[in-house]
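Novice: Handing you this structure, nothing more for now.
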Amino acid sequence: MSSVPAIRLSPYTGQPFLKWAGGKTQLLTQLERFFPTEWESYFEPFTGSAAVFFYLRRTRGEFPATLMDYNEELVNCFTVVRDDVDRLIPLLEQHRDSHGKRAYYALRRKQPRDLPRVPRAARLMYMNKVCYNGLYRVNANGEFNVPMGSYKNPRIFEEGALYAASHALKGTNLLADDFSKVLDLAKPADFIYFDPPYYSDSGGFTGYAVTSAGSATFGAEDHWRLCEVVTELTERGCHVVLSNSNTDYIRQLYRDFSIHEVLAKRAINRNGSGRGPVTELVITNHGLR
């Protein structure tokens, strides 16, 4: 298989179709310089809005890709956009036309596991676009509990954008699994981009996902485990790029790797005065393989 070239005319125009805390859309121009110029297969074990994947599709064209996330609702949504966008759009139109507080909270009370896969995806997309800050949060029982946001005319979806995203996702492997699953799949010269829930010294927002087993968080031990995965991938000869918070713990954890700073705007903070430009870390294994 030939490697993906650094510059290529791409037929893809897909963009993220979900809002996601920590999404990388605003950082793409800063992240670009850390991406390898060539690779074989691409892996994104913390998919989120898949902003990096869509960017690479637009700029690099066709390449084998695997998107993973522990969040089963998220993976189901991406799968439906990839495979059943024609059935998804009419349901989104219904949610848009009936939008209101009563409709939102009635839908929020429904258990996604009781819904067929396409209505389940439509539920997530609708609530994602109209809930407070586009935040994905669940309670101890794994129930989505974010209140409705204050939007006069929320843009729930754009038909053309969804078709473009569906086209970009064709042929992509989608998995609901732990990030460590990448060790079973990645080969030398593959490119893996990790965008985990950021580490916080104060605890902060560490909500990771929800599965049929309930909710999960991503704490210091998980970040240590992730570093072990990054180390093994490096020894294997893979290209690895990872984003995280600019904290002493993360700097110490990845002290044997290349650490860079980028400037981002904090969008979600319990204290409004805490929102604004902050530095984040980009960690790479360039030259270490």
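Yes/no per residue for (1) out of contact with any Lys or Arg (no Cβ under 9 Å at 6 or more places or on another chain); (2) under 22 Å from residue 67 (Cα atoms):
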{"residue": "79", "(1), (2)": "no, yes"}
{"residue": "90", "(1), (2)": "yes, no"}
{"residue": "93", "(1), (2)": "yes, no"}
{"residue": "101", "(1), (2)": "yes, no"}
{"residue": "106", "(1), (2)": "yes, no"}
{"residue": "109", "(1), (2)": "yes, no"}
{"residue": "112", "(1), (2)": "no, yes"}
{"residue": "117", "(1), (2)": "yes, yes"}
{"residue": "120", "(1), (2)": "no, yes"}
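Novice: How many residues does region 145-161 hold that are open to solvent by 10 Å² or more (accessible area, probe 1.4 Å) and within 26 Å of residue 86 (Cβ to Cβ)?
Specialist: Selection size over region 145-161: 8.
Novice: Report, ordered by the first and then the second residue, all pairs with beta carbons closer than 9 Å, sequence separation of six or more or different chains, a first member in region 114-133 that is over 13 Å from residue 156 (Cβ atoms) and in contact (Cβ under 8 Å) with a residue 40 or more places away in the chain, and a second member that is among the polar types (S, T, N, Q) and in a helix (DSSP H, G or I).
Specialist: Correct list of pairs: 117/76; 117/79; 120/76.
Novice: Same structure, new question: For region 213-235, enumerate the residues that are charged (D, E, K, R) and either without any contact (Cβ under 8 Å) to a residue 24 or more places away in the chain or surrounded by fewer than 16 Cβ atoms within 10 Å (Cβ to Cβ) (or both).
Specialist: Restricting attention to region 213-235, the residues satisfying the condition of being charged (D, E, K, R) are 221-222, 225, 228, 232, 235.
Selection gives 221, 225, 228, 232, 235.
Novice: From the set of residues in region 236-268 that are farther than 18 Å from residue 33 by Cβ and touching a Pro at 6+ places or on another chain (Cβ under 8 Å), which is least open to solvent (accessible area, probe 1.4 Å)?
Specialist: 238
Novice: Quick test for you: out of 113, 102, pick the one residue that is in contact with a helix residue (DSSP H, G or I) (Cβ under 9 Å, 6 or more places away or on another chain), in a helix (DSSP H, G or I) and not aliphatic (A, V, I, L, M).
Specialist: Being in contact with a helix residue (DSSP H, G or I) (Cβ under 9 Å, 6 or more places away or on another chain), in a helix (DSSP H, G or I) and not aliphatic (A, V, I, L, M) holds for just one of 113, 102, which is 113.
Novice: May I pose another question? What are the pairs, 6+ residues apart or on separate chains, where a residue within region 178-193 that is more than 14 Å from residue 65 (Cβ to Cβ) has its Cβ under 7 Å from a residue that is of a type in the set (A, V, I, L, M)?
Specialist: Between residues of region 178-193 that are more than 14 Å from residue 65 (Cβ to Cβ) and residues that are of a type in the set (A, V, I, L, M), the close pairs are 179/68; 179/226; 179/229; 180/229; 181/68; 181/175; 183/229.
Novice: Of the residues that make up region 100-117, is at least one under 18 Å from the mean Cα position of the chain (by Cα), of a type in the set (Lys, Arg) and open to solvent by 40 Å² or more (accessible area, probe 1.4 Å)?
Specialist: Initial filter on region 100-117 (under 18 Å from the mean Cα position of the chain (by Cα)): none.
Within region 100-117 (the criterion being under 18 Å from the mean Cα position of the chain (by Cα), of a type in the set (Lys, Arg) and open to solvent by 40 Å² or more (accessible area, probe 1.4 Å)), the answer is no, since none of the residues qualifies.
Novice: Which one is farthest from residue 43 (Cα to Cα) among residues in region 137-180 that are touching a strand residue (DSSP E or B) at 6+ places or on another chain (Cβ under 9 Å) and among the aliphatic types (A, V, I, L, M)?
Specialist: That would be 148.
Novice: Just wondering, is there one or more residues in region 80-87 that are under 30 Å from residue 183 (Cα atoms), in contact (Cβ under 8 Å) with a residue 40 or more places away in the chain and surrounded by 20 or more Cβ atoms within 10 Å (Cβ to Cβ)?
Specialist: The answer is yes; a qualifying residue exists.
Novice: Does at least one position in region 33-56 carry a residue that is on the phi < 0 side of the Ramachandran plot and free of Cβ contacts under 8 Å to residues at least 12 places away in the same chain?
Specialist: yes
Novice: Does any residue of region 23-44 turn out to be part of a loop (DSSP other than H, G, I, E, B), among the hydrophobic types (A, V, I, L, M, F, W, C) and open to solvent by 10 Å² or more (accessible area, probe 1.4 Å)? Break it down into steps so the answer makes sense when it comes.
Specialist: Filtering region 23-44 for residues part of a loop (DSSP other than H, G, I, E, B) gives 23-24, 35-41.
Then keep just the ones that are among the hydrophobic types (A, V, I, L, M, F, W, C); that gives 35, 39.
In the following step, the residues that additionally are open to solvent by 10 Å² or more (accessible area, probe 1.4 Å) were identified as 35.
Scanning region 23-44 turns up at least one residue that is part of a loop (DSSP other than H, G, I, E, B), among the hydrophobic types (A, V, I, L, M, F, W, C) and open to solvent by 10 Å² or more (accessible area, probe 1.4 Å).
Novice: Anything in region 63-94 that is more than 19 Å from residue 19 (Cβ to Cβ) and assigned to a strand (DSSP E or B)? List them, or say none.
Specialist: 65, 66, 68
Novice: Across region 217-264, which residue is nearest to residue 182 (Cα to Cα) among those that are of a type in the set (A, V, I, L, M, F, W, C) and assigned to a strand (DSSP E or B)? Walk me through it before giving the result.
Specialist: Going residue by residue through region 217-264, those that are of a type in the set (A, V, I, L, M, F, W, C) are 218, 220, 224, 226-227, 229-230, 233, 238, 240-242, 250, 253, 257, 259, 262-264.
Now narrow it down to the ones that are assigned to a strand (DSSP E or B): 240-242, 259, 262-264.
Numbers: 240: 12, 241: 14, 242: 14, 259: 22, 262: 26, 263: 28, 264: 27 Å.
My answer is 240.
Novice: Can you confirm whether region 52-62 contains a residue that is buried (at least 19 other Cβ atoms within 10 Å of the Cβ), modelled with pLDDT of 95 or more, closer than 21 Å to residue 19 by Cβ and of a type outside the set (A, V, I, L, M, F, W, C)?
Specialist: yes
Novice: When you go through 164, 140, 189 one by one, which is the residue that is open to solvent by less than 40 Å² (accessible area, probe 1.4 Å), more than 30 Å from residue 281 (Cβ to Cβ) and not β-branched (Val, Ile, Thr)?
Specialist: 164
The values are calculated or read from the model by the stated rules, or taken from the named source; none is laboratory data. These numbers were taken from a predicted model, which means no experiment stands behind them. Cβ coordinates were reconstructed from backbone atoms using ideal geometry, including for glycine residues, and neighbour counts include every protein chain displayed. Surface areas here come from the heavy atoms of the whole protein model, side chains and all, with no ligands, DNA or RNA. Shrake-Rupley method; radii C 1.70, N 1.55, O 1.52, S 1.80 Å.
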